[in-house]
1. How large is the helix-only mean residue ellipticity at 222 nm for the chain, computed as the sum of -39500 (n - 2.57) over DSSP H runs with n ≥ 4, divided by its residue count, in deg cm²/dmol to the nearest 500?
2. Please report Rg (one decimal) and Dmax (integer) in Å for the Cα set of the chain.
3. If you wrap a convex hull around the Cα atoms of segment 31-163, how much volume per residue is inside, in Å³?
4. Between D96 and R193, what is the label-point separation in nm under the 7 Å Cα-to-beta-carbon projection?
5. Could you tell me which of the pairs K134/K160; K315/K507; K160/K196; K42/K483; K74/K499; K42/K196 are separated by over 27 angstrom between their Cα atoms in the structure shown?
6. List the extent of the Cα atoms of segment 286-335 along each of their three principal axes, largest first, rounded to whole Å.
7. Measure out, as a whole number of angstrom, how far apart the alpha-carbon centroids of segment 241-288 and segment 405-433 sit.
8. Starting from one equal scatterer on each C-alpha and no solvent at all, send me the Debye-based log10 I(q)/I(0) for segment 362-508 at q = 0.08, 0.21 Å⁻¹, two decimals.
Amino acid sequence: MEIVTKIELRHLRYEDYMSLKEAMARAYAGGGITIWNKRSIKRLLDIFPEGQLCVVVDGKVAACALSLIVDYKKFGDNHNYNQITGHESFSTHDSDGDVLYGIELFVHPDFRGLRLGRRLYDARKELCESLNLKSIVAGGRIPNYKDYADELTPRQYIEKVKMKEIYDPTLTFQLSNDFHVKKIIKHYLPEDRESKEYATLLEWNNIYYQEEEKLINAPRDVVRVGIVQWQMRLFPNFESLVEQAEYFIDAVSAYKADFILFPEFFEAPLMADYNHLGEARAIRELAGYTELLRDKFIEFAVSYNVNIITGSMPKLEPDGHLYNVSYLCRRDSTWEKYQKIHITPSERSAWGMVGGREVRVFDTDCGKIGILICYDVEFPELGRVLADQGMQILFVPFLTDTQNGYNRVRCCAQARAIENECYVVLAGCVGNLPRVNNMDINYAQSAIFTPSDFAFPTNAIRAEATPNTEMTVIADVSLELLKELHEFGSVNTLKDRRKDLYKVVMKK
C-alpha cells in the first residue's frame with residue numbers, strides 16, 4: 001500500500017467520474033460487473049446527491065457508496081437489481097419513501113487495509129437516521145461462493161460465514177457492520193459470476209425511526225418516574241389515609257412525573273381496627289376498602305395528570321379467593337389490574353391468599369410497562385416473559401420486614417434490570433406499625449435500577465431513597481437508551497439467548 005497523506009469522506013461529485021471508473025474497474029476485475037457510465041452517475045447526482053458518498057485518498061476516489069430512497073412495500077423482499085433500480089434509470093427513487101437502498105459499494109483493492117468501507121457504512125447509517133428512514137436495505141454479493149458452490153448450498157455457505165468458518169470479503173464485512181440477512185435472492189444480479197447469481201438481502205434497522213411526527217402525544221423518550229417510600233402510621237379513618245396518599249400524588253405530580261409508584265400493602269394501617277379478629281379475617285376486612293381506594297386513585301390519576309401504580313391491595317374476587325392485586329390507573333381514566341403470581345409462605349398460611357395466573361405488559365402513553373409484586377421479582381422467568389412482550393419499565397411494589405428480605409428483593413430486581421435490558425422501579429414501606437399483626441416492622445430503600453453498560457450509571461442505580469425514611473424519589477429514565485442498548489450494547493443479553501436450547505413460555 002502506498003503511503004497515504006490525506007483521507008476525506010465526502011459526497012461524490014460529477015468531476016470524480018474518471019477516478020471512480022478506475023477504482024471500480026480495479027475493485028471488480030474479473031468479476032464480470034459492468035462499470036457505471038457517466039450518464040448514470042449524473043442521474044444519481046441530480047436526483048439524490050446526498051445519497052452518493054465517496055472516500056478520496058490523496059485526491060483519488062478509493063471507495064464509493066451509491067444509494068436510492070425507495071417505497072419498499074412496492075418491491076417487497078422478492079426483487080432483483082434491475083427492478084429496484086428501474087433498469088438503472090433510477091425511476092424507482094422516491095424522496096417520500098421509507099428505505100435507504102444501497103445499490104453499490106466498493107473499495108479500490110490498493111486501499112482495503114484502511115477500513116474505508118466502514119466509514120461509508122457509518123455515513124450511510126447517519127444519513128438513514130437524519131432522513132428518518134426505517135432501514136438500509138441492500139443486495140449483497142457473496143463473491144467467494146464460487147469456491148464452495150459444488151459442496152454447499154447458498155444457505156449453508158451463509159451460515160458458515162456467520163460462524164466465521166468461511167471468510168467472504170463482502171458478507172463478512174456486512175455482518176460485522178450490524179446488518180442481518182433477511183433472505184437469499186436468486187438471479188439478483190445475473191452478471192455476478194463470482195456469486196453464482198445469488199445475493200443476500202441485507203438489512204440494517206434504524207432504531208430512531210419515527211413513523212409519523214406528532215405535535216402532541218408524540219412517543220416519549222425521557223420518562224419521569226416518581227416513587228413514594230411510605231411511612232407506616234396509624235390513621236383514624238379511611239379518609240385520612242386517602243388524604244396522605246393524595247398529598248404525595250400532588251407533590252410528585254407537581255414535578256410533571258409520568259408515573260407514581262406506591263408500595264405493597266401501604267394501606268395496611270386500616271387493619272388496626274380489625275386486629276382482634278385474627279389475621280385471616282382482618283385482611284378480608286381490609287379488602288373491603290380496595291375498590292374504594294382504587295376508584296380514588298383513578299380520580300387522582302386524571303386530576304393530577306399522572307399514571308399511578310397503586311402499590312398492592314388485598315382483593316376478594318368473585319371466585320371467592322383472596323388475591324394480592326396492583327392497579328395501573330392511567331391518566332386517561334382507564335385502568336387495569338395485575339394479581340401477584342407468587343404468594344409468600346406467610347401470605348398463604350396467615351391470610352389464605354392464592355396467586356394470579358396472568359403475566360403481561362401494559363401499554364401506557366410513556367411506553368410498555370410491567371408490574372411484579374414483591375416476591376414475584378425473585379422469579380426470573382416472569383421478567384423474561386415481560387421482556388419478550390416488549391417491557392421497558394418494570395414496577396415492583398414491595399413490603400419487607402428485615403434487611404435480609406429487602407436484599408432478596410433488591411438483588412433480584414437489579415438482576416432483572418440487567419438480564420432484561422430494562423428499568424426496574426422499587427417502592428417499599430418503612431417504619432413500625434403497632435397493633436397490626438404481620439405488619440409490625442418494615443424496612444425499605446426504594447430505588448430505580450438500570451441496565452449495566454456505558455450509557456447508564458456505573459453502579460446501575462439511577463436513584464435511590466434514604467433507607468427507612470419517608471420520602472419521595474423522582475428521576476428521569478431514557479427509553480432511547482434502552483433501544484441503543486438492545487442493538488449496540490457491550491453485550492446483548494436478550495439477543496444472545498440460546499433459543500435453540502431453551503425458552504420460557506407461559507402455559508395458557
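1. Values: 12 runs with 131 residues, N = 508.
Here the helix-only value at 222 nm equals -8000 deg cm²/dmol.
2. Cα radius of gyration and Dmax of the chain are 29.7, 95 Å respectively.
3. It comes to 145 Å³ per residue, whole-number rounded.
4. Modelled inter-label distance: 4.5 nm.
5. On the way: K134/K160 29 Å; K315/K507 24 Å; K160/K196 17 Å; K42/K483 38 Å; K74/K499 33 Å; K42/K196 30 Å.
Going by Cα-Cα distance, K134/K160; K42/K483; K74/K499; K42/K196 fall outside the 27 Å limit.
6. 34, 16, 14
7. Here the two parts' Cα centres lie 20 Å apart.
8. Log10 of I(q)/I(0), two decimals: -0.24, -1.33.
Here, each number is a calculation from the coordinates, and none is a lab measurement. Remember, it's a predicted structure, so these values are computed and weren't measured experimentally. Here the Cβ is made from the backbone with ideal geometry for all residues, glycine too, and neighbour counts use every protein chain on show.
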